[in-house]
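Asks: Following this message is one structure expressed as structure tokens.
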Amino acid sequence: MITAELALDAKAELGEGALWHDGRLLWVDIEGCAVNRFDPVSGRNERWAIGQRVGTVVPRRVGGLVLAVHRGIGILDTETGRFELRCDPAGGREELRFNDGKCDPRGRLFAGTMGMTKPRVPGTLYRIEPDFSFAPVLEGTGTSNGLAWSADESTLYYIDTPTLAVSAFDYDPDTGAISNRREVVKFSGDEGRPDGMTIDADGNLWVALWGGSGVVCCDPRTGRVLEKVEVPALQTTACAFGGPELRDLYITSARIGLDEAALAERPFSGGIFVARPGVAGVPAFTFAG
Ligand code: CA
């Protein structure tokens, strides 16, 4: 067992969306309606308030960031702080917001919506092209979360949290089409629920467990859990390899829904944590638009 240490006492309501880019960790606070960029060398954390919930952050190749927010997909100019919506795949349906997302190897953005009301309306996983045109790729999702592509670009791994599974799809990198869904890792739910995810250089998946105080490493070829990184926060949400050699696993967490006693027990809930699990990650893909 490996234990993660606190890297930033961020006290995020719902820290998520970890992604390493250009020597810094990008992450969002969904309920805090902000996107952040953390430099672990200086300890400095920059924060941009967006004014609505932010589910996903990815870098643009031309500079700045792409965000999937409550009302759609937009771009953030990190110099001016100006945020501009570019498309609204959910068509103005206020009961849906964007949650987790990630770019594919060719620079398309995949991001999913989720229902905010109870009972929850179903969400949709969308593919957003570099020109901000979009198409649904999977409908009827619950809580659209972790995404990762295999190194040969032939497989997309995807977590819809209520399924308690990592699903795999055949992936066509030329068209962005997915097919042949199957479950490759299954969780019981007793050890937490699968949330955000990243892939390492060996092709293993690192899955943050909501309610599970940590991240597990799973082999999608066997379905086996190989390792767990313990985190001193209950609600662990997303993870990304970073650092100079991509050997530092950064993990986001949340405070939302925890009462005073739970927060007193784990005072760094909502923080960013880091562990050295002894393997390397792969660079994150950027948005081609
Ligand atoms: Ca999530």
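Asks: Please indicate, with yes or no, whether at least one residue in the range 50-59 is on the phi > 0 side of the Ramachandran plot and surrounded by fewer than 21 Cβ atoms within 10 Å (Cβ to Cβ).
Replies: Step one: list which residues in the range 50-59 are on the phi > 0 side of the Ramachandran plot, which gives 51.
Subset that is surrounded by fewer than 21 Cβ atoms within 10 Å (Cβ to Cβ): 51.
Yes, the conditions are met somewhere in the range 50-59.
Asks: Now a separate question. Sort out which residues of the range 52-84 are within 22 Å of Y126 (Cβ to Cβ) and small (G, A, S), and write them in order of number.
Replies: So the first thing to find is which residues in the range 52-84 are within 22 Å of Y126 (Cβ to Cβ), and the list is 52-62, 64-76, 83-84.
Those that are within 22 Å of Y126 (Cβ to Cβ) and small (G, A, S): G55, G64, A68, G72, G74.
Asks: I've got another one for you. Among the residues of the range 95-123, write down those that are outside any strand (DSSP E or B) and not polar (S, T, N, Q).
Replies: Of the range 95-123, the ones outside any strand (DSSP E or B) are 95, 104-108, 116-122.
Matches in the range 95-123: E95, D104, P105, R106, G107, R108, M116, K118, P119, R120, V121, P122.
Asks: State which residue pairs qualify: first residue closer than 19 Å to E260 by Cα and touching a residue at least 24 places away in the same chain (Cβ under 8 Å) and inside the range 11-35, second residue acidic (D, E) and assigned to a strand (DSSP E or B) in any location, beta carbons under 8 Å apart, and separation of 6 or more residues or different chains.
Replies: Sorted first by the residue in the range 11-35, then by its partner, the pairs are A12/D29; E13/D29; L14/D29; G15/D29.
Asks: Next question. Filter the range 150-167 down to residues that are surrounded by fewer than 22 Cβ atoms within 10 Å (Cβ to Cβ) and among the hydrophobic types (A, V, I, L, M, F, W, C) and give me whichever is farthest from G189 (Cα to Cα).
Replies: Top of the filtered list is A151.
Asks: Turning to a different aspect of this structure: What are the residues in the range 50-69 that are part of a loop (DSSP other than H, G, I, E, B) and within 16 Å of the ligand (Cβ to nearest atom), if any? It would help to see each step written out before you state the result.
Replies: As a first pass, look at the range 50-69 and keep what is part of a loop (DSSP other than H, G, I, E, B): 50-53, 61-64.
R53 - this is the single residue of the range 50-69 that is part of a loop (DSSP other than H, G, I, E, B) and within 16 Å of the ligand (Cβ to nearest atom).
Asks: Among the residues of the range 124-138, count how many are touching a Cys at 6+ places or on another chain (Cβ under 9 Å), in contact (Cβ under 8 Å) with a residue 60 or more places away in the chain and assigned to a loop (DSSP other than H, G, I, E, B).
Replies: Summing the residues that are touching a Cys at 6+ places or on another chain (Cβ under 9 Å), in contact (Cβ under 8 Å) with a residue 60 or more places away in the chain and assigned to a loop (DSSP other than H, G, I, E, B) in the range 124-138 gives 1.
Asks: Only residues that are more than 24 Å from T198 (Cβ to Cβ), crowded, with 20+ Cβ neighbours inside 10 Å and within 16 Å of the ligand (Cβ to nearest atom): list them for the range 71-120, please.
Replies: Hit for the range 71-120 is L96, nothing else.
Asks: Given the conditions (1) within 17 Å of the chain's Cα centre (by Cα); (2) under 20 Å from L147 (Cβ atoms); (3) not aliphatic (A, V, I, L, M), which single one is not true for D248?
Replies: Condition not satisfied by D248: (2).
Asks: Out of (1) among the hydroxyl-bearing types (S, T, Y); (2) farther than 25 Å from G140 by Cα; (3) away from the ligand (no atom under 16 Å from the Cβ); (4) not in a loop (DSSP other than H, G, I, E, B), what's the single condition that is false for T252?
Replies: (3)
Asks: Turning to a different aspect of this structure: Need the failing condition index for R247 against (1) buried (at least 19 other Cβ atoms within 10 Å of the Cβ); (2) more than 16 Å from the ligand (Cβ to nearest atom), just the number.
Replies: All conditions pass for R247, except number (1).
Asks: Collect the residues in the range 139-157 that are within 16 Å of the ligand (Cβ to nearest atom) and either over 13 Å from the mean Cα position of the chain (by Cα) or not in a strand (DSSP E or B) (or both), keeping them in residue-number order. Show your work before the answer.
Replies: Restricting attention to the range 139-157, the residues satisfying the condition of being within 16 Å of the ligand (Cβ to nearest atom) are 141-148, 157.
Result: T141, G142, T143.
Asks: Only residues in the range 229-241 that are closer than 11 Å to G212 by Cβ and part of a loop (DSSP other than H, G, I, E, B) count as the first member; pair them with residues that are at pLDDT below 95 and within 11 Å of the ligand (Cβ to nearest atom), Cβ under 9 angstrom, at least 6 apart or cross-chain, and list the lot.
Replies: Close Cβ pairs satisfying both conditions: none exist.
Asks: Further, regarding this structure: Among the residues of the range 196-224 satisfying the criterion of being within 15 Å of S144 (Cα to Cα) and either of a type in the set (F, W, Y) or touching a Cys at 6+ places or on another chain (Cβ under 9 Å) (or both), which is nearest to the ligand (Cβ to nearest atom)? Quick ask: steps written out before the conclusion?
Replies: At the first step, the residues of the range 196-224 found to be within 15 Å of S144 (Cα to Cα) are 196-198, 207-210.
Adding the requirement that they be either of a type in the set (F, W, Y) or touching a Cys at 6+ places or on another chain (Cβ under 9 Å) (or both) leaves 196-198, 207-208, 210.
Numbers: G196: 5, M197: 9, T198: 12, V207: 11, A208: 8, W210: 7 Å.
Here the residue is G196.
Asks: Among what's in the range 26-47 and is within 18 Å of the chain's Cα centre (by Cα) and more than 16 Å from the ligand (Cβ to nearest atom), pick the residue that is surrounded by the most Cβ atoms within 10 Å (Cβ to Cβ).
Replies: F38
The values are calculated or read from the model by the stated rules, or taken from the named source; none is laboratory data. All figures in this text were calculated on a predicted structure; none of them were measured in a lab. Using ideal geometry, Cβ is built from the backbone for each residue, glycine included, and neighbour counts are taken over all protein chains shown.
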